[in-house]
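Accompanying notes for the structure given below.
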Amino acid sequence: MTLLTLAEIAALTEGNLHDAPDPQRTVGPFQFDSRRPEPGGLFLCLRGVRDGHQYAPEAVRSGAVAALAEHPVGVPAVVVPDVGAALRTLTLALSGSLAQRGVRTVAVTGSAGKTSTKDLLAQLLPVLGPTTSTAGNFNNELGLPVTLSRAAAEPVCDFLVLEMGARGVGHLRDLTAMAPPLDVAVVLNVGTAHVGEFGSKEQIAQAKGELVEALPAGGWAVLNADDPLVAGMAARTRGEVVWFGRGPSAEVRAEDVRLDAHGQPGFVLHTLAGSARVQLRLLGEHQVHNALAAAATATALGMTPEQTAHALSTAEPITAGRGQRIERADGITVINDAYNANPESVLAALNALAAVARPTGRRPVAVLGAMLERGDAAPQAHTQVGARAAELRVLLVAVGGKEARWLADGAGHAHVADTADQALILLGEVTAPGDVVLFKGSRDAGLQGLSLRFAAAGPAS
């Protein structure tokens, strides 16, 4: 356990204590959302759309010990010139402490599947020892310090699993510089997520490959053998490469993949140490690659094939909005997969929806919203997704503005709603008992809230 005192925080950040009667009071994990208090934590007064300084009193009332702020806030605070710079300093201090404690660090990146893979690892690695992992998808320069502070506050932490996202070249280099030295770097895939910001898939590959460049000699690079752009990263790392995938060249691979009646894949897991049968509790065949990445990581860290297969087979969806299945009283099945979306993940979700519904004669319904950050490719991306929904004979309900029209154009026929409120009314009219209803869209499209409202709405009209 590494807990800093207010006095130590002030010294590290060259800040000043204000309204802090006990400078030796220790501080636990960082937090930046006053609505989600971290008892005993340090509230970060960040400036964004809203100024976090005005929420510091609420955070302290909810259990925070003090605030990290740029001016006095009327509650115990360490006042610094720049909260962001001070946060980086504190994160580096915690990172060094975790390294000294011998914590083994796993970092996961990719265009799709990061959170699902991280959640699987969070349930596999406890077989080997106490594990702390990124909550939700707190995978940026703010989320990483929060995760490290949680790990530092744990009495024992053997493994640290970090989800890392990137919105440009250099982002992963910055994140890995703040983290403890990596033992394992996992790259899942290179897709079109954020292509509007990167400019091309090649630029995305350049950015994602920064993760394996951060590996020291003796580390493990877990790479997707089925993705040529990921496979090319083998030349960029000092670590030893472990290949995962569906093809015969992968050291950790899946064979005899089958979907059960719930659309959940099972397969035979093959590793160099042996084989074992896996039956996932996650929806969709696309989860096989995520499971293989987790299995390759676990194998590199010392888990046996039998231990890995058992842990994968008992792992559950953790993060809200990632394939959550909700059964309504009228027999409608709601699949809330609306945490985020890009073309690859939406196409995978549509395939999973069809796999769940068709074998039992149920009607598949897809409620789709905008896939943001597509740049100039946005019209084509949405049109292609709409066309795939039509190919799968999925009833499409498109929600939002121009993106909804593009989806409908691709499908040839769709129900279109401009707002979530309109969509909720429309769904009450077009759905029927027994339907399987998927919700999928980028986070800012607002479909996650819509899915929960629909799930709680009771029998469809």
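Structure summary
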item	result
Value of relative contact order over segment 158-266, rounded to a whole percent, pairs C-alpha under 8 Å and six or more apart	21 percent
Cα gyration tensor shape for the chain, rounded if a/c is under 1.5, else prolate or oblate	oblate
Accessible-area value, S442, 1.4 Å probe, nucleic acids and ligands omitted, Å²	10 Å²
Principal-axis tilt of helix 83-100 within the chain, Cα atoms, nearest 10 degrees	90 degrees
Radius of gyration and maximum dimension Dmax of segment 81-146, Cα, Å	13.5, 43
3J(HN,Hα) from dihedral phi, segment 358-371, Karplus parametrisation 6.51/-1.76/1.60, rounded to Hz, x for glycine, proline	4, x, 9, x, 8, 8, x, 10, 10, 9, 10, x, 5, 9
Value of [θ]222 nm, deg cm²/dmol, for the chain, DSSP H segments ≥ 4, -39500 (n - 2.57) each, nearest 500	-10500 deg cm²/dmol
Accessible area (Å², 1.4 Å probe, nearest 10) - R258	140 Å²
Of all DSSP beta bridges in the chain, antiparallel share, percent nearest 5	30 percent
Degrees, to the nearest 10: 305-314 long Cα axis against longest axis of the chain	80 degrees
Rounded Å value of the spacing that divides the Cα centres of segment 398-428 and segment 237-261	38 Å
Relative contact order for the chain, counting Cα pairs under 8 Å that sit 6 or more residues apart, in percent	11 percent
Centroid-to-centroid separation of segment 93-156 and segment 316-392 [C-alpha atoms, Å]	28 Å
Computed accessible area, Y55, all protein chains, 1.4 angstrom probe, square angstrom	60 Å²
For segment 53-156, size of Cβ-based charge dipole, Lys and Arg +1, Asp and Glu -1, in debye	300 debye
Dipole of segment 75-173, positive end: most advanced residue of V106, L94, N137 [Cβ charges, Cα centre]	V106
Ranked order, K118, K201, K402 - accessible area, probe 1.4 Å, largest first	K402, K201, K118
Rel. contact order, % - alpha carbon contacts under 8 angstrom, at least six apart, segment 328-384	30 percent
Under Karplus coefficients 6.51, -1.76 and 1.60, residue-wise ³J(HN,Hα) of segment 329-342 in Hz, glycine/proline x	5, 8, x, 6, 9, 9, 10, 8, 10, 9, 5, 6, 7, 9
Per-residue HN-Hα couplings for segment 218-225 [Karplus 6.51, -1.76, 1.60; θ = phi - 60°; Hz; x = Gly/Pro]	x, x, 10, 9, 9, 10, 7, 5
Local net charge near Q422, Cβ-Cβ under 13 Å (Lys/Arg +1, Asp/Glu -1)	-2
Antiparallel %, DSSP beta bridges [both residues in segment 217-278], to 5	60 percent
Accessible carbon and sulfur surface of segment 39-89 relative to its total accessible area, %, 1.4 Å	54 percent
Surface share of carbon and sulfur [accessible, 1.4 angstrom probe, percent] for segment 288-435	54 percent
Net charge dipole size for the chain [Lys, Arg +1 and Asp, Glu -1 on Cβ; Debye, nearest 20]	620 debye
Calculated Rg and Dmax of segment 45-173 using C-alpha coordinates, Å	16.1, 45
Net dipole in debye of segment 18-98 [+1 Lys, Arg Cβ; -1 Asp, Glu Cβ; about Cα centre; nearest 20]	180 debye
DSSP bridge orientation in segment 174-292 - percent antiparallel, rounded to nearest 5	50 percent
Whole-number accessible area per residue in Å² for the chain, which is evaluated in the context of all protein chains at 1.4 Å	39 Å²
On Cα atoms only, tilt of 343-357 relative to the major axis of the chain in degrees	50 degrees
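The values are calculated or read from the model by the stated rules, or taken from the named source; none is laboratory data. Not measured: the values here are computed from a predicted model. When we count neighbours, we look across all protein chains shown, and the Cβ atoms used for this are built from the backbone with ideal geometry, even at glycine. Only protein heavy atoms, including side chains, enter the accessible area calculation; ligands, DNA and RNA are left aside. Shrake-Rupley method; radii C 1.70, N 1.55, O 1.52, S 1.80 Å.
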